[in-house]
Amino acid sequence: MFGKVLIANRGEIALRVHRACQEMGIRTVAVHSTADAAAMHVRLADESVCIGPPPARDSYLNVPAILSAAAITGADAVHPGYGFLSENASFAEMVEAHGLAFIGPTPAHIRMMGDKIAAKDAMRRLGVPLVPGSLGALSSIEEARQVAAEVKYPVLIKAAAGGGGRGMKVARSEDELEEAWRVARTEAKAAFGNDEVYLEKYLDRPRHIELQVLADTHGNVVHFGERDCSLQRRHQKLVEEAGSPVLNAAERDALGAQVTRALRELGYRNAGTLEFLWQDGQFAFIEMNTRLQVEHPVTEMVCGIDLVKEQLRVAAGEALGYGQSEIRFHGHAIECRITAEDPDTFAPSPGRVHTYHAPGGLGVRVDSALYSGYAVPPHYDSLIAKLVVHGATRAEAIARLRRSLAEMVVDGISTTLPLHLAIMEDPEFQAGNYTIHWLERFVARRLEGG
Ligand code: MV4
């Protein structure tokens with residue numbers, strides 16, 4: 001096992017990785033910007049190195065500074081967390097070139113999945129179901145017209161280098177296609193330096209369901225079930241649950257078997273998540289994330305495993321040591337992403353937290369780097385705490401979240417706690433009756449209602 005791991009991240013996820021290392025007897029190195037000198041991830045790590053000024057591009061994205069920090073502290077592995085450099089294939093390559101282990105997939109797999117066309121092509125060849133659309137990149141507007149006529153309108157033009165909702169344009173009919181094609185390509189070129197686009201039939205009311213997988217370097221691949229991440233606003237997830245209210249055990253097993261077979265074939269390693277759109281009982285693969293995700297705790301709660309420890313073990317070359325049949329799903333888990341934002345307008349609300357009080361009790365977990373007196377810096381994303389609960393049933397998990405949200409105190413800044421409480425109290429949410437569009441409408445309705 002590794003002796004020392006450098007954690008190339010900040011906030012709650014840096015703390016999350018530190019905790020796994022600590023329990024495994026691995027020492028940790030925190031890196032931080034000057035804005036984060038008093039941050040909890042720095043306080044708890046065994047060592048810390050300042051890697052630059054507040055802007056992420058000069059610190060948490062500063063590859064030479066991070067590699068130097070690893071060298072001077074004698075770290076033997078790097079955990080990238082999520083965001084920042086976590087899905088940067090060149091960074092993973094440089095980490096390995098410096099003789100360090102990258103705690104994640106191979107650079108080649110990160111690169112493949114970063115290209116949404118290559119990712120879909122690989123999954124198609126491996127028999128994973130996709131949304132109907134173009135086979136590969138569109139070479140001309142004529143080809144776009146032809147494929148759109150085949151799959152029928154409405155259609156979406158998506159950027160190969162996109163993902164997470166960036167670089168997407170809908171065309172509801174043939175008159176809108178040329179404009180969508182032109183705008184998507186222009187935006188993709190400007191945002192990613194790559195104007196390759198592809199086309200898919202537009203699904204109008206899907207759920208976003210993703211599957212958590214883990215692979216060792218000995219050919220073993222398992223899945224840890226699905227998460228329903230449909231409750232999002234402007235591509236920011238607010239609530240995630242495991243399992244999905246719309247899947248039964250047989251459907252989960254069938255999807256899992258198909259996906260683990262595909263990833264074994266691909267020679268994938270470490271953790272990953274396959275994103276699907278689900279509509280009318282059908283799954284369609286859209287993208288794969290080659291990192292540990294924000295919402296991984298709901299999976300941990302229903303499976304009773306520590307995904308970060310598993311990442312560390314397989315990155316060190318250990319075999320999984322268990323099979324799919326030994327992974328069981330117990331009860332239901334829900335996560336609320338509490339952010340430092342106005343709960344009505346979503347305006348950022350950085351600043352000093354006077355009082356922080358975390359809820360507790362059976363089945364309650366809070367992943368947060370907050371403490372009383374901490375100042376949330378304005379330079380980074382606004383996530384301040386993940387409140388995750390487990391219950392024997394979905395109804396128990398919701399009841400537990402309602403009482404935990406009511407117990408939680410974050411004073412001095414605005415947070416989304418009141419919005420989360422309102423979601424938990426909503427009858428449609430309680431019935432599990434929602435799509436990817438539900439939350440935007442809920443937020444609008446709440447605002448009108450005053
Ligand atoms: C789609 C779609 C409908 N049809 N693809 C948005 C983010 C990116 N990961 C894929 N996205 C979508 N792709 C087809 N063919 C609708 C979305 C989408 C979405 C997907 C998941 C979660 C939230 C979403 C919000 C708006 C649009």
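Computed from the coordinates by the stated procedures, all read-outs in this text should not be read as laboratory data. Quick caveat, the model's predicted, so the values are computed rather than measured. Cβ atoms come from the backbone with ideal geometry, glycine included; neighbour counts cover every protein chain shown.
The table for this structure:
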| read-out | value |
| --- | --- |
| Three-way shape call for region 38-172 based on the alpha-carbon gyration tensor, with the a/c threshold at 1.5 | prolate |
| Cα centroid of region 254-320 to Cα centroid of region 104-141, whole Å | 17 |
| Ordering of 13-22, 30-39 by burial proxy (mean other Cβ atoms within 10 Å per residue, highest first) | 13-22, 30-39 |
| R0 of 41 Å, Cβ-Cβ distance residue 170-residue 396: FRET efficiency to nearest 0.05 | 0.55 |
| Neighbour-count ranking [beta-carbon atoms within 10 angstrom, fewest first] of 153, 380 | 153, 380 |
| Straight-distance crosslink candidates among lysines, where the alpha carbon sits under 30 Å from residue 120 and sequence neighbours closer than 8 are dropped | 152, 158, 169, 189, 201, 237, 309 |
| Global geometry of region 105-152, whether rounded, prolate or oblate, following the gyration tensor of its Cα atoms and the 1.5 cut on a/c | oblate |
| The chain: C-alpha gyration tensor shape, a/c 1.5 cut-off, then a/b vs b/c | rounded |
| Theoretical FRET efficiency, 1/(1+(r/R0)^6), r = Cβ-Cβ of residue 150 and residue 38, R0 51 Å, to 0.05 | 0.30 |
| Pairwise centroid distance, computed over Cα atoms, of region 362-425 with region 1-64, Å | 23 |
| Options 319, 214, 382, ranked by Cα towards positive dipole end of the chain, top entry (Cβ charges) | 319 |
| Burial ordering of 341, 226, 428, 326, fewest other beta-carbon atoms within 10 Å first | 326, 428, 341, 226 |
| Per-residue Cβ neighbour rank within 10 angstrom, fewest leading, 308, 183, 298, 246 | 183, 246, 308, 298 |
| The chain, dipole about Cα centre (Lys/Arg Cβ +1, Asp/Glu Cβ -1), debye to the nearest 20 | 320 |
| Residue of 368, 325, 414 that the Gaussian network model of the chain assigns the largest fluctuation, springs spanning Cα pairs under 10 Å | 325 |
